[in-house]
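Remarks on the structure that follows.
The values are calculated or read from the model by the stated rules, or taken from the named source; none is laboratory data. A quick note: this is a predicted structure, and the numbers were derived from the prediction, not measured. Every residue, glycine as well, gets a Cβ built from its backbone with ideal geometry; the counts of neighbours run over all protein chains shown.
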Amino acid sequence: MWDYHGKLAGKPNPEGVTQGFFPSAAGHTLPGCWAGVKPCLKQLQECMQTISTLQDDEILPNNPAALFHWLPKEHMCVLVYLVTVMHSMQAGYLKKAQKYTDKALMQLEKLKMLDNSPILSTFQVILLEHIIMCRLVTGHKATALQEISQFCQLCQQSPRLFTNHAAQLHTLLGLYCISVNCMDIAEAQFTAALQLTTHQELWTFIVTNLASVYIREGNRHQELYSLLERINPDHNFPVSSHCLRAAAFYIRGLLSFFQGRYNEAKRFLRETLKMSNVEDLNWLTACSLVLLGHIFFDLGNHRESNNMASKIPDMSVQLWSSALLKDPNKACGNTMEAHKAAQMHQNFSQQLLQDHIAACSFPEHNLISWTDSLPLVQFQPQNGPTTGLASLL
């Protein structure tokens, strides 16, 4: 690719070089190899910066065969932002994902004023998919719900978009339902998504989250074990994704923890940590450390529990980690640290409670009841939140 696209009149062609880095970046990003993609992604971003400063006549080749335009440079700029958002969100760099989403959406708004290309709406939908997941991870459910509504509006404008992204929309609604403790509706959303997708990685992602719903419900043992057999990370895992396999280990660790099988839980969670550390999967690392901290505390190893909790990146599980930090610090006689953790936990609880009430009071909250055909974006206001709060705190 470099030889054919990357040379123009004896000097490098930035557009051709950029095209060469896309397969490399995608080749690492799609399997969940986030650490491996960093050098390619950095070069891709640098090439795009170079292209954006050039005039069109500065990148015209002498060879007519090289006149093929893969994408206009303006579209390519958005695509580079999109790949960066995908990488940042999956790796757990959520502030970076937000930053590049804002840049991409701003660029898209400008382009859509002048260009009706369907690919721009596709870019927008994929950006929304990723930023909605970021919002849910960081506890901004109300904002996520507004963006899910934007997703629906885009799908209403294009039957093609709806056909291609209906499964993702159901999946996002399922994740939102988990965040507001509507487990039965989350199950319905994930079930609808599974019926609409043939994409193996999306299928595995949905099944992993559905398994977490069954674990939380606590009484769906037959369905849960059936799912776990299909996403067994030790044997015939359905996809090559490093990230999804690490998540499958985490789900098994979570189940073993709730069943009191602590040694088994530690084995699964250490596998998750090992895989997460290799590819900088910060969110999975954080969750695994919190859960290991709980296990050590339950086993009476308060110092190790406190050590685990203190390693957690300040990204997406602050509420959980602050709850954990209270007890081992108190048991170890660290009164000041225990008080600090208790205050932190109270602050996070209040933020979560306020966001929960706001999200459930929006008329768009009624989207969770949609499971077939095209969703309507005109909703009746709710009288108030209909979901339980106690288990979230």
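Of all residues being in contact with a Pro (Cβ under 9 Å, 6 or more places away or on another chain) and outside any helix (DSSP H, G or I) in the stretch 156-186, which is modelled with the lowest pLDDT? Just the residue, please. Looking at the filtered set, the residue picked out is S158. Within the stretch 222-256, the set of residues being of a type in the set (G, A, S) and either closer than 11 Å to T208 by Cβ or touching a Gly at 6+ places or on another chain (Cβ under 8 Å) (or both) comprises S241, A246, A247, A248. Is there any pair with a first residue in the stretch 219-240 that is in contact (Cβ under 8 Å) with a residue 60 or more places away in the chain and a second that is part of a loop (DSSP other than H, G, I, E, B) whose Cβ atoms are under 8 Å apart and which are 6 or more apart or on different chains, and what are they? So the pair list comes out as S240/P31. Just to be sure, is V239 among the β-branched types (V, I, T), at pLDDT 95 or above and closer than 28 Å to K274 by Cβ? In short, no. Entry remark, the stretch 97-113: residues being of a type in the set (A, V, I, L, M, F, W, C) and surrounded by fewer than 16 Cβ atoms within 10 Å (Cβ to Cβ) number 2 in total.
Scanning the stretch 242-281 for residues that are under 21 Å from E201 (Cβ atoms), at pLDDT 90 or above and among the small types (G, A, S) returns A246, A247, A248.
One residue stands out among those in the stretch 207-223 that are over 14 Å from F190 (Cα atoms) and either among the β-branched types (V, I, T) or crowded, with 16+ Cβ neighbours inside 10 Å (or both): the one that is farthest from the chain's Cα centre (by Cα), which is R220.
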